[in-house]
Amino acid sequence: MKKNKTLNQWLWKWHFIAGLISLPFIIILSITGGIYLFKADYETPRQQHIKEAIQNGNTISLEEQRKVANANASKKPNAMVLPTKSNQATEFTSGRFSHKKSIYINPYSGEVTGKINPKDTDMFIIRKLHGELLLSKFGTKIVELIASWMIVLILTGLYVWWPVNKWNIKGYFIPRTKEGKRTFFRDLHSISGFWFSGLLLLILAGGLPWTDVFGSNFKQLQKITNTGFPASWSGHHLKSQPTGEMLTLDAIASKAKEYDLPGVVTINFPKGPKGVYSISNQNPSNLGSQRKIHIDPYSGNKILSNEWSDVGILMRGRMWVMSFHQGEFGPWNWWLMFAIAIGLTVMSISALISYIMRKRKGTWGTPKVPINFKIGYGIMIAISILGLVFPLFGISLLFIIAFEILSKKTKTS
């Protein structure tokens, strides 16, 4: 590919602007993302006394344990995590996602071993800093804006990195170490950006579904195209016919064990006498193994079952990139995410150092573009598409263009 030198200057200018806007935030996001990868390592020893129970005699029934949980929880639990170990306290939960609260019952004594509210943990603060900069909805939109500009940074950065004349190992794949500090930090930034570019786009794809504007639009697209979870997945429309007494939680738990589902298995309780039990498993390392099974609470018969193949393609893709983003596919995924978090931090800091070294005092150091340069229709279409897909990017771009036009008018008047 032969580079257009003037277009290169124009794209470098926008790469510079995007970096100036984004880099301080990117450093925060990369550091907090790297820290959050240690969530399990950090929380496991601190919560061990709550989640584990010393074996002592025979266990009491799950039905009895549920009564204890109902009497002691701030909000009546609507689900239970199926125990898999003899020394495991039984977890009863209420709420979902960040609103989820858990109470743990010792299956031998029937005593409450403790309660866990994710909002009270240190890692929840790290997550909120990573996802919304501790600024609630406003912060979420800032993170979404930064993520949108990161895509521009990657695409423009790849074009600027591409050689004008010929390829050299040093300067394009390995940083030059004998041409001064500025050159070294510039190479460190551009070369690490090249090596990580594809993975960074994948990570951004995994983070954007959590955002407000893009995330809401994506969910709407899933709904319109019927490519999300099937309506039967939640089981809200399912009703049972009361015929005597409901089966005990112990009987339903035995049914759940028969399905031999991998991962963390949750049993959702019926909502009222006509509700149903719903058994599901969360297994991020193998999404294809996940199922949702709805059980009649009176007969114990299976009413409806959904496989992962019943889930729409957009939802399956969304869940895959989100699991990848969180390093949930096993050790290789975790180490890859950790390496990228470190690499992104190094890349961002080296960009700032390189900028400070090249910037002249009293100026922003913005790359100059010839006045007579006009962008082609292809670039205009690409920018328009990006602006439509990522609305916050499009709005911010309009503000920057308006500012540039006003600045030029002020200079000429």
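The values are calculated or read from the model by the stated rules, or taken from the named source; none is laboratory data. Just so we're clear, the structure is a prediction, and the values are computed from it rather than from any experiment. Note that each Cβ is placed from the backbone with ideal geometry, even for glycine, and that neighbours are counted across all protein chains shown. Note: areas computed on protein heavy atoms with side chains; ligands, DNA, RNA excluded. Shrake-Rupley method; radii C 1.70, N 1.55, O 1.52, S 1.80 Å.
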Item to complete: Kindly list the number of the only condition in (1) assigned to a strand (DSSP E or B); (2) surrounded by fewer than 19 Cβ atoms within 10 Å (Cβ to Cβ); (3) not aromatic (Phe, Trp, Tyr) that fails for Ile356.
Response: (1)
Worksheet item: Would you call Gly394 small (Gly, Ala, Ser) and open to solvent by 50 Å² or more (accessible area, probe 1.4 Å)?
Response: no
Item to complete: Within the stretch 21-76, track down each residue that is open to solvent by less than 70 Å² (accessible area, probe 1.4 Å) and either on the phi > 0 side of the Ramachandran plot or acidic (Asp, Glu) (or both).
Response: Glu43, Gly57, Glu63
Worksheet item: Taking helices (runs of 4 or more DSSP H) that fall entirely within the stretch 129-245, which contain at least 2 residues that are polar (S, T, N, Q) and more than 28 Å from Ile27 (Cα to Cα)?
Response: 213-225, 231-234
Fill in: Which listed residue, of Ile400, Ile375, Ile383, Ile379, is among the β-branched types (Val, Ile, Thr), outside any helix (DSSP H, G or I), over 23 Å from Arg182 (Cα atoms) and touching a residue at least 12 places away in the same chain (Cβ under 8 Å)
Ile375
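Would you point out the residue of the stretch 247-268, among those that are in a loop (DSSP other than H, G, I, E, B) and free of Cβ contacts under 8 Å to residues at least 40 places away in the same chain, that is most open to solvent (accessible area, probe 1.4 Å)? So that I can check it myself, show each step before the final result.
From the stretch 247-268, those in a loop (DSSP other than H, G, I, E, B) are 247-248, 259-263; that's our starting set.
From the residues that got through so far, the ones that are free of Cβ contacts under 8 Å to residues at least 40 places away in the same chain too are 259-263.
Working: Tyr259: 61, Asp260: 125, Leu261: 23, Pro262: 55, Gly263: 44 Å².
If we take residues in the stretch 247-268 being in a loop (DSSP other than H, G, I, E, B) and free of Cβ contacts under 8 Å to residues at least 40 places away in the same chain, then Asp260 is most open to solvent (accessible area, probe 1.4 Å).
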Response to the item:
Going through the stretch 70-83 in order, the residues found to be part of a helix (DSSP H, G or I) and free of Cβ contacts under 8 Å to residues at least 40 places away in the same chain are Asn70, Ala71
Item to complete: Quick one: count up the residues across the stretch 197-229 that are open to solvent by 30 Å² or more (accessible area, probe 1.4 Å) and of a type in the set (S, T, N, Q).
Response: 5
Item to complete: Starting from the stretch 32-59, keep only residues that are closer than 18 Å to Asn333 by Cβ, then list their pairs with residues that are assigned to a helix (DSSP H, G or I) and open to solvent by 70 Å² or more (accessible area, probe 1.4 Å) whose Cβ atoms are within a distance under 7 Å, requiring at least 6 positions of separation or different chains.
Response: Gly34/Ile342; Tyr36/Arg127
